[in-house]
Structures are given as structure tokens and as C-alpha cells.
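Below is one structure, written out as C-alpha cells; comments come after it.
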Amino acid sequence: MSNYEKPKVISIEGKTADRFLGSDVFEADSRALPPRNGTGTHQEPARDVPVYHRCDVLVVGGGPSGTAAAYAAARAGADVVLLERYNHLGGLSTGGLVIWIDRMTDWEGRQVIRGFAEDVLNRFQKEEVAGPEREHWGSRDPELAAHWGLRTAAFHGIVSWSPTIDPERLKIVSQEMMLEAGVRLVFHSWAALPIVEDGRVTGVIFESKSGRQALMAKVVVDATGDGDIFARAGAEFENDIEEGDVHHSMNTAFMLAGVDMTRWLDFRRYEPEQFAAFTRKGREALGFFQTPYVSWRNNIALFLGPRQSGLSALDVDDMTEVEIRSHRFMLRHCEFFKTHAPGFENAYMLQSAPQLGVRHTQRLKGVARIERAQWGAGVPLPDEIGVSPSVSPKFPVISVPYGSLVPRKLDGLLACGRHVSCDANSHGFMREIPQCWLTGQAAGAAAALAVKSDVQPRAVDIAALRKILRAQGVFIREPVAATPEPAAVS
């Protein structure tokens with residue numbers, strides 16, 4: 001066994017066992033890449049950068065939050081540009097092959113992440129999405145829960161709406177929704193630097209095959225997932241992580257085809273001793289291990305690991321290292337499963353994700369923050385712009401405040417997606433695709449409202465924003481009225 005195949009496995013048993021299928025989080029003992037040898041600096045000469053376009057709202061990043069933001073802003077009447085570095089929309093939910101869309105229902109089966117989430121999934125054909133029927137959402141029936149628990153759609157014995165989807169359909173659906181709404185798409189373009197004037201972001205410099213150009217906007221929405229724009233513009237941010245936590249690790253997802261997932265799931269459910277022996281054998285043979293998730297088709301298996309810790313998605317060498325290891329993992333997992341796993345006898349490598357599976361880098365320090373301490377309250381905040389399902393039935397749904405999208409000091413910018421303002425614990429669910437749709441829709445609507453009202457995003461009228469979001473189908477509750485003070489006794 002070569003050095004790259006000798007990881008130090010970090011157990012996550014008990015931390016996420018009810019949320020994820022079995023997987024190892026690990027750090028490797030050695031790296032595939034040699035150290036770099038660069039020293040010194042090179043001075044880049046000053047130059048004039050041509051302006052590519054001017055718009056009301058510029059959304060940087062076409063992942064789940066960015067597509068929701070662009071769509072919401074355009075529907076609210078803004079002139080919108082969506083800048084995306086790849087050739088497609090959807091981010092990790094398409095190019096990252098994170099085709100399991102996590103829970104959108106509360107523990108009673110009520111869908112609480114709605115709006116864009118419904119708009120996009122309602123465009124799918126029946127054969128392009130797999131998940132429980134609506135009448136089963138919230139069911140505690142043991143047989144249903146056991147069935148859907150193996151299919152990433154039941155947690156803590158409760159059936160949820162958390163489907164798996166065809167990533168190619170999501171790419172097309174997202175694209176057509178943007179074009180129908182009048183969003184200008186700019187693919188194959190990488191935002192390099194924010195343009196900041198007097199403490200306000202007024203656009204970005206981006207690079208493409210057309211060279212270095214500028215995009216100017218009245219409001220910029222940072223939907224990069226890593227906070228590239230707000231961090232480089234000088235906004236405050238956090239980057240604390242929990243080493244070995246599945247939520248703060250990286251990998252490149254992959255899919256194997258030619259499988260029979262029903263047969264595999266029957267083996268996993270009805271032959272527990274043989275399954276345990278199989279997983280032990282996998283760890284002995286590979287040094288790390290990942291069991292598959294279901295996909296939208298019975299003949300395709302999804303692998304969202306093995307998950308790698310101790311590497312940064314802000315370091316190009318670390319990112320390259322993850323890709324090298326992940327491609328090797330795909331080959332070795334395919335060989336092992338084809339030889340030893342029921343239902344995988346005819347398996348073959350279908351695709352490795354073109355996008356790196358990043359879970360955490362930087363989180364905004366906003367004027368408000370989603371924190372672990374609020375999980376038990378269940379109280380609608382005054383600036384609630386959406387509701388997230390909680391991590392366990394012992395907690396009610398969680399109110400998401402508008403302030404979690406707003407930088408403490410920086411103007412002209414809103415943030416959405418996995419880098420919103422929250423603590424490390426809350427980030428575990430606020431980074432998921434439905435929550436990214438939720439915060440993206442709020443950021444886009446707020447950006448459009450700020451432009452229309454000629455105010456900074458931090459100054460938008462919350463009642464007006466909530467009215468726009470409700471009109472777009474978002475689930476928002478009324479804030480709890482304060483208890484009146486007792487009348488003075490004369």
C-alpha cells in the first residue's frame with residue numbers, strides 16, 4: 001500500500017450517525033504533491049480595466065444560493081447579472097453531485113423551506129426526482145421510516161421531504177428559470193477582486209477568456225460559498241472549524257453506474273452481520289471507507305466521501321491534493337465494491353464531480369447571528385426571512401434573521417449561502433442546499449428592494465422585504481408580540 005493510501009481515520013460515530021450514512025473522516029499521513037518553491041514578489045503594472053456591464057444587482061456565484069438570489073431579485077424588478085465560474089448553475093447541487101437535497105420539512109411533515117425550493121423542484125419530471133410521497137412526510141411509521149432512512153429521507157424515525165434529484169435536469173431548470181426571469185448570465189468567469197469605494201462595494205473585477213473586466217452594480221450579493229467577495233472587501237468574518245467534524249471536511253463526490261441499489265439496500269438492512277463484516281473488510285483493504293447513498297435512479301450509486309480533514313479550500317495546493325486523493329478513492333472504491341458488494345457486480349465509474357465538495361471556509365460576521373443557544377426557543381425573530389428545520393425533534397424550527405446576511409460595517413453587499421453569519425454548530429445545517437436556497441432568495445429580494453428604495457441593504461424596510469418574500473412563496477412567521485408592560489396604578 002503506497003503512502004497516499006495510509007490515512008489517519010478520525011471516528012465520527014455518534015456525532016452524525018443519524019444524519020449521514022457511514023463514512024470516515026481522515027487525515028492522510030503524506031501528500032501527493034511536493035512543496036512549492038515560489039519566493040519573492042512580482043509587481044503587476046497598473047492598467048485601465050474595461051467595464052463589461054452595469055446593473056442593479058450583481059450576484060457572484062451561481063450555486064444554490066446564487067441562483068435563488070438572482071431569480072428573487074429579478075422577480076422583484078431588478079436588472080440582474082449572475083456571474084458563474086463554471087459552465088452551469090447549481091453549484092454543489094449539480095457540479096458537486098450533492099444530489100441529495102436535505103430536509104425541507106419540520107418534524108411534523110410541514111414544508112418550511114419553500115419559495116424557490118418549490119419553484120425549482122416543481123419543474124422536475126417524476127422520473128427525475130426520488131423521494132417519499134407528500135402524504136408520508138412526517139410519518140413515524142416504523143416500516144416507512146426504515147425504508148426511507150436508507151434512502152436519505154428519514155431521520156430519527158421520521159419521514160422527511162429530502163429528495164434525490166437528477167443533476168443535469170437541475171442545471172437546465174436553473175438556467176431556464178434565470179433566462180425566463182430576465183437574468184443576464186455570465187459563465188466561465190471568475191470574480192477576482194471586489195471594487196470598494198468609501199466603504200461600499202460597487203462591483204467586481206473578473207477574469208475570463210475575454211480578459212480582465214469590471215462589472216458594476218448598485219448592490220452585490222456574495223454567493224461564492226467561501227465569502228470571497230466580502231472577505232477581500234474587508235468585511236469581518238469567522239473561520240473556526242471543528243477538526244474531524246464531517247461538516248468541516250472536503251471531498252470530490254462520484255457516482256458509480258451499472259448497480260442494483262435495491263439489492264444493496266436489502267443487504268444492508270436485512271443482513272446486518274454480513275454488512276458489518278463487509279465494512280470491516282473495506283477499511284482493512286482501503287484504509288478508509290465510504291458506503292453509497294441512493295440517487296434518483298436505482299442503477300446509479302452516489303458517494304459523498306471519503307471526507308478529508310486538515311485541508312483548506314482556500315489553499316490551491318490543498319484543493320489539488322483533495323482532487324488527487326478523491327480520484328484515487330473513486331477507482332479503489334469501484335474495484336472493491338465490484339468485487340465484494342451485492343448489487344455492484346457490474347459497477348463502473350460514471351462520473352467524478354467537476355466541483356470540489358467544500359463544506360466550510362469563511363462565515364460572515366453579520367449584524368445578527370444564528371446561534372446554538374437559540375435552537376430551543378422556536379421564537380420568530382423580528383427580521384425573520386425564513387425558517388430552517390432543526391437538527392433533532394427535541395428542537396423546534398429555527399428562525400433565520402435578515403441580519404445574518406448583512407455585514408456589520410461593509411455597505412453595498414449582502415451574503416447568502418453557506419457563509420452566512422452563524423456559529424460553527426449552526427453552520428452544520430445552514431450550509432445545506434435548501435437553507436442556501438432560503439438565504440439566497442432573501443438576499444436577492446433584499447438587494448432589489450434596496451435598489452428600488454435607494455438605500456443601503458442594511459436599511460431596507462423589513463416589513464416590505466417580508467411582503468416580497470411571502471409573495472414569492474417563502475414561509476415566514478409573524479414575530480411574537482412583546483408582553484405589554486402593566487399599566488401604572490394611579
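Note on LEU185 and PHE395: the extension gain reaches 71.6 nm, defined as 0.36 nm multiplied by sequence separation minus the Cα-Cα distance.
Cross-link partners for LYS452 among the aspartates and glutamates, with Cα-Cα distance under 17 Å and sequence neighbours closer than 8 places in the same chain left out: ASP56, ASP79, ASP411, ASP461.
For segment 110-119, the Karplus equation 6.51 cos²θ - 1.76 cosθ + 1.60, evaluated at θ = phi - 60°, returns couplings of 7, 6, 10, 9, 10, x, 4, 4, 6, 4 Hz by residue, with Gly and Pro reported as x. Rounded to the nearest 20, the Cβ-based charge dipole of the chain about its Cα centre (Lys and Arg +1, Asp and Glu -1) stands at 260 debye. With only the Cα atoms considered, segment 105-239 has a convex hull volume of 170 Å³ per residue. From the alpha carbon centroid of segment 157-181 to that of segment 444-459 is 28 Å. Take every DSSP beta bridge whose two residues both sit in the chain; close to 65 percent of them are antiparallel. Once R0 is set to 35 Å, what does the formula 1/(1 + (r/R0)^6) return for the Cβ-Cβ distance between ASP454 and PHE124, expressed as a FRET efficiency to the nearest 0.05? With R0 = 35 Å, the Cβ-Cβ based efficiency is 0.35. If you take the Cα centroid of segment 275-321 and the Cα centroid of segment 57-92, the two points sit 30 Å apart. Remark on ILE385: its backbone amide H falls under 5 Å from those of VAL400, TYR402, a criterion applied only to residues 5 or more positions apart or on other chains, H modelled at 1.01 Å from N. Distant-in-sequence amide contacts of ALA253, defined by a placed amide H-H separation under 5 Å and a gap of 5 or more residues or a different chain, comprise ALA353, GLY357.
Secondary-structure-derived ellipticity at 222 nm for the chain, considering helices only, amounts to -8500 deg cm²/dmol, per-run term -39500 (n - 2.57) for DSSP H runs with n ≥ 4.
Which of the DSSP-defined H helices in the chain satisfy a minimum axial length of 15 Å, computed from C-alpha atoms, and a minimum mean Kyte-Doolittle hydropathy of 0.5?
Span-like helices in the chain: 433-453.
In order along segment 296-303, phi translates into HN-Hα couplings of 7, 10, 5, 9, 10, 10, 10, 10 Hz, rounded to whole numbers, per the Karplus curve 6.51 cos²θ - 1.76 cosθ + 1.60 with θ = phi - 60° and x for Gly and Pro.
If one computes P(r) from the Cα atoms of the chain, what percent of pairs lie at distances over 42 Å? Across the chain, Cα pairs with separations above 42 Å total 17 percent. Among the protein heavy atoms of the chain, carbon and sulfur supply 49% of the accessible surface, probe 1.4 Å, non-protein parts ignored.
Provide the packing ranking of 74-84, 178-188, i.e. peptides ordered by the mean count of other C-beta atoms within 10 Å per residue, highest first.
On the way: 74-84: 24.5, 178-188: 16.7.
Going by the mean number of other Cβ atoms within 10 Å, highest first, we get 74-84, 178-188.
Taking amide H as placed 1.01 Å from N in the peptide plane, the amide H of SER189 sits under 5 Å from that of GLU84, ARG85, TYR86, each at least 5 places away or on another chain.
Accessible surface for the chain, divided over its residues, is 42 Å² per residue with a 1.4 Å probe. Cross-link check: pairs LYS218/LYS365; LYS171/LYS209; LYS209/LYS365; LYS126/LYS209; LYS218/LYS409; LYS171/LYS281 evaluated at a Cα-Cα cut-off of 28 Å; pairs beyond the cut-off: LYS209/LYS365; LYS126/LYS209; LYS171/LYS281. Antiparallel beta bridges, as assigned by DSSP with both residues in segment 199-329, represent about 100 percent of the total such bridges.
The values are calculated or read from the model by the stated rules, or taken from the named source; none is laboratory data. Worth saying up front: this structure is predicted, and the values here are computed from it rather than measured. In this analysis, Cβ positions are derived from the backbone assuming ideal geometry, glycine residues included, and neighbour counts consider all displayed protein chains. The accessibility values were calculated without ligands, DNA or RNA, using every heavy atom of the protein model including side chains. Shrake-Rupley method; radii C 1.70, N 1.55, O 1.52, S 1.80 Å.
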